[in-house]
């Protein structure tokens, strides 16, 4: 009576929940109200246990803006309390909908998040000025490589190859970009080298994971260590003695887009970026579209869900997987170039700081979907930047708390507490042809 | 045979072709072919079901030796390729190839003899005790590697992948340090207390991943990776709070040094850095060996790792076993962290106290094939790499990071014996 | 399309799965490949479909020799296959599944989903399939999923259709519908290969029958041949399963099940209000087509199902809500239906497997450590007693033949002190010698006064072992009848029909 569609059973490699212990009860519809209630409670506790006075100034413009928006000056305490009330009201609405068993609309958590953040910021930044533009632009800056990495991760895993080696791809991309850009004098050549470097790591991953059936998690972890060792070694032996010729690339400058870049608020955040960021916009759109709307995407997803079924309709499973992870590696490698060509000019030891693991978190929190993963990466970038901004204005929120947020959220996500993530069915399972 | 359909026995899908013969194996007598045919069948089945961990746990010794050889060879190429002398001779290689080859030889042999001097026996000093000092350094570095390898390997035996070594070590190290510098106690209480508290924190952090897997099905790979970072930021935060780990009056994220009563004593006198941590590691090897091979808990761990469904049907609580095994693994990795804080770096904890051992432990467990004695050997080998690597960097100016490369290459080659065989053109070994 | 297979040989290592098989299939004909499980039918079809490469022999379509390098080639040549385990992607829609590998695309490789939907609708209407092209496959009933497989083949203009054990997962009604579809396809001029081991279906639709045994063609049979003839060709020996057993000496009611209901994680009810009693010294055999709640029933008895309602009392002790460990300790012996999945740890030795459900207390455990010598003595003894053919007690379970693996399971279960034995498919995939041995052990258990529940989809086994037979259909009891009930009646009951004059027997 059960369906007999032949699901590949994930063994040691798969990331699907273990059937031997997987939970049997479905999560209810209580998630949204529960989360809202908890988060509201946190804000309430913060407001009750500390006190603030004065005003909070939100800067909405930057000096170079053509048409400047005025600063918004809000009374810190009153704003925070009002927003707390708004949050309470939204939570009540969510509870009402839960009790009425009706649908939780998407606007509810979005409005909630905005209100909560406004209340929180005005409270924590009492008496200071917060530049909304630099808060958000900084978030984007931190999120760019994460988005690249997350897209690489999404693509690979949709094809059934777990990519723990995102960090290695970013790092190797950064390394190759810096050397090549220094040697050729062209950052564009650096970008090309970064894609090749990322794809090269993917090729090694594929060789072991696809051709030799080695556990993909093991290969990924070991590849990361390998790339750290390799780049550290070469950095010390080759780059440092020849820093002038090998490790001083030209930095990619911001390239404002006419008109779009002049839109208040939006322009400085999104459209006064270096070319690499515009490339990313295009890649996100392309990946999202082609994964769901093209023959290529259909086949990639088929290979990741049920490789044997794909094989029986004449799709070359392992060839498809190789191609997909090479592309994925190239994208992740490109993200690495952001570190050595945009953030700073030049490569440095372990300069990704484990960002690949946050990208992996974004893949999972984004439920293996390119758009959601991009949003998750942006959220994680925001959390990181918020930590920096708050500590720079002397807020009393420990930055480490915010920095650990992406990881905590991801744990909640895989544990099914904030929306269960279901990986592609054959994720991490090598395909053996008879 | 009746009108009703003949039932269908275990009609395994066609991807298990050998079951064909197996099910039809003639039952006429206790003939040898019966067993033989069945073994063919099982080879195919095993290969299918226990793909990777099986390869790692039972690959042959030759592949291991060849993997080490290959990795060292690649390391040699890297040394030669980045050596200034080699590059100088390369410019006139067609004119005087011998110069080039002797330069390569000098670079490579210089590096490896430096490693040997740093890891085993130093012939450049005359004091016999000092000559063998490098060996004690190797054992000092091996201690936490063995402990960590045991922690990761134990989880492997339950088919769980503990990538959370770093977090477990950090948290355990932080907790042990807190006990170690904050209290004034007699050594007989202070040291064991610090060790125990460290292990406890490691166990809790590891157990959390096991518990989440048991209760929600969350994959331990993802959870332990994430917990690494949570622990990192937690210890980072603790290093800013004076009631936790921060040094009063200092902005450096580093705790005060350990009290003498909480420091692992040196075992060969003060001339050698080798401390009790290595002895603890040896004891841990024995305990884990007993646990896996002689205890009922270990029996259940292995049963769950090999076939969780059969274990469940036999009344073994699979989820609880996952939790317990991750707690034990976490405790062992915690012990590795304690070893660092109370033994190797007693000047206080910082966020890099784990020194990469959390990840090294994975390679140790893999090279040791998740067997306690294998892990002991692998830990000592990698300890020697570490000790030798530092000497190599100091005397030959070759980055110690080379060790990381060689180490990860060994594991990669080891994990794919067919690749190694292909490189050495050995006959493919089918269904051994 | 006319298919000719000539001398196909396929080996896996030293095992010959297909031994020089030759076969001809004409267009507009349903050609049955009949054979026991493991006879090599599926291997042959996978060779035909390009999934395996034959070691010898050739495939000819309409007079042209083919060289398939993969399923893609076979499909292009006009071969369609309905796999036993559906080759469908659960999270894709019907249209996506049908178009996969054969996509119509527009600009820049974009998918033309509308064209695919239209194609599905067109084929679906032509054959009266009633399939919604936009439904997700995972939401469809099994029978409909199978039709999607057929549409998939037809959408590629397949002229030769291979059905690999298509009825294994179908209800009798769905089976009848499938037979009708096959006849329709035949009318449309398609050549059809129908692989099965079910005689009733063969006799119903086959135009020609080829019987395969042990990888070889045994011969062709006439569709009008009797069941006995077909069966003896198929198994190569006169089939007779007789278990000698005395009249039961019945004791008190031992196992009392009341209103048992088992629900799975997806909310489907598999066992629906089951009530029955087994007395001490009695074998109650459960008959039914696979997938009618038997698995869930045995798992519920062992505490392996999570959502169980009702009551299971063993000697007055309630078992529902207890952990598997407590149930085992209460004296329930369990021979699971798939020993490889639930019964054995393949990487463990025979000795280690013999203590699998006694890892918590004596006799093999003392103070948390294993009593290795006690275990070894025990294993040596059982190896002899149960005639397990292996090198020694340190042989890995994975290296034993099916029959010997099952004997290890039986030895383990019967050497505990039992108050109930639950034996699910106790002789599935086991050689004849072992079958006899295991049956004897089950009868001996019953004669020692222990209640036994046997679950088998094999009617012969049910009849041979039962003191009473309980027939299950869709998780409900159709009836409880004496062991000497005519097979026709039992067969009817297995389709859910209850004869009017039937009276349940109470032990």
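Each value in this text was obtained by applying a stated rule to the coordinates, not by laboratory testing. The structure displayed is predicted, hence computed values, not measured ones. Here the Cβ is made from the backbone with ideal geometry for all residues, glycine too, and neighbour counts use every protein chain on show.
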Note: segment A:135-402 at 25 °C, 0.890 mPa s; Kirkwood Rh on alpha carbon pairs; Stokes-Einstein D in µm²/s works out to 131 µm²/s
For chain A, averaging the sequence separation of alpha carbon pairs under 8 Å that lie six or more residues apart and dividing by its residue count, the contact order in percent is 26 percent
Quick shape summary for segment C:277-416, equivalent ellipsoid via Cα gyration tensor, semi-axes whole Å in descending order, reads 28, 19, 14
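Using R₀ = 45 Å, calculate the FRET efficiency as 1/(1 + (r/R₀)^6) where r is the Cβ-Cβ separation of residue A:73 and residue A:369; round to 0.05.
Numbers: r = 40 Å, r/R0 = 0.88.
Approximately 0.70, to the nearest 0.05.
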Whole-number value, in Å³ per residue, for the convex hull of the alpha carbons of segment A:31-127 is 101 Å³
The FRET efficiency for residue C:55 and residue A:243, from their Cβ-Cβ distance with R0 = 60 Å and rounded to 0.05, is 0.45
The Cα extents of segment A:264-322 along the principal axes, largest first and rounded to whole Å, are 54, 18, 15
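Could you list C:249, B:166 so that the one with the fewest beta carbons within 10 Å of its beta carbon is first and the one with the most is last?
Sorted ascending by nearby Cβ count, the order is C:249, B:166.
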Only helices counted: for chain C, with every DSSP H run of 4 or more residues adding -39500 (n - 2.57) and the sum spread over all residues, [θ] at 222 nm is -9000 deg cm²/dmol
Here the averaged projected area of segment B:180-313, based on the convex hull of its alpha-carbon atoms and given in nm², is 11.6 nm²
For segment A:232-336, shape from the Cα gyration tensor axes a ≥ b ≥ c, cut at a/c of 1.5 then a/b versus b/c, turns out oblate
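Pairs of Cα atoms under 8 Å, at least six residues apart: use those to get the relative contact order of chain C, whole percent. List each step's numbers first, then the result.
Working: 1001 pairs, mean separation 71.3, N = 507.
Across chain C, relative contact order equals 14 percent.
To one decimal place, what orientation-averaged projected area in nm² is obtained for the convex hull of the Cα set of segment B:310-384?
With every direction weighted equally, the projected area is 6.4 nm².
Can you give me the Kirkwood hydrodynamic radius for chain C, using every pair of distinct Cα atoms, in Å to one decimal?
The Cα-based Kirkwood calculation yields 25.2 Å.
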Using alpha carbon positions and the Kirkwood radius, the Rg to Rh ratio of segment C:156-281 is 1.13
From fewest to most C-beta neighbours within 10 Å, the residues C:129, B:156, A:233 line up as C:129, A:233, B:156
Dividing the helical contributions, -39500 (n - 2.57) per DSSP H run of n ≥ 4, by the residues of chain A yields a 222 nm value, nearest 500 deg cm²/dmol, of -20000 deg cm²/dmol
Across the alpha-carbon set of segment C:278-356, Rg over Rh with Rh taken as the Kirkwood radius works out to 0.98
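How big is D, in µm² s⁻¹, for segment B:144-370 by Stokes-Einstein at 20 °C and 1.002 mPa s if Rh is the Kirkwood radius over C-alpha pairs?
The calculation lands on 123 µm²/s.
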per DSSP, antiparallel bridges as share of beta bridges in the protein assembly as shown, % nearest 5, sits at 60 percent
Fraction of alpha-carbon pairs in segment A:54-202 farther than 23 Å apart, rounded to whole percent, equals 62 percent
Using alpha-carbon coordinates alone, the radius of gyration and Dmax of segment C:3-235 in Å work out to 17.8, 61
Bridge orientation stat for segment C:3-235 from DSSP, antiparallel percent rounded to 5, came to 55 percent
Stokes-Einstein, Kirkwood over Cα pairs, segment C:1-129, 20 °C, 1.002 mPa s; D in µm²/s equals 127 µm²/s
Averaging 1/r across every pair of distinct alpha carbons in segment A:133-280 and inverting yields a Kirkwood hydrodynamic radius, in angstrom, of 16.8 Å
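Divide, for segment A:287-434, the radius of gyration over alpha carbons by 2.2 N^0.38 Å, where N is the residue count. Each step should come with its number before you reach the end.
On the way: Rg = 18.5 Å, N = 148, 2.2 N^0.38 = 14.7 Å.
Compactness ratio reported: 1.26.
Tell me, B:290, B:205 in order of fewest to most beta-carbon neighbours within 10 Å?
Least to most surrounded, the residues fall as B:290, B:205.
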Taking only the alpha-carbon positions of the protein assembly as shown as identical scatterers, the Debye log10 I(q)/I(0) at q = 0.09 Å⁻¹ comes out as -1.33
Computed over segment A:344-395, the relative contact order (Cα-Cα under 8 Å, seq sep at least six) in percent reads 22 percent
Using alpha-carbon coordinates alone, the radius of gyration and Dmax of segment C:350-507 in Å work out to 18.8, 60
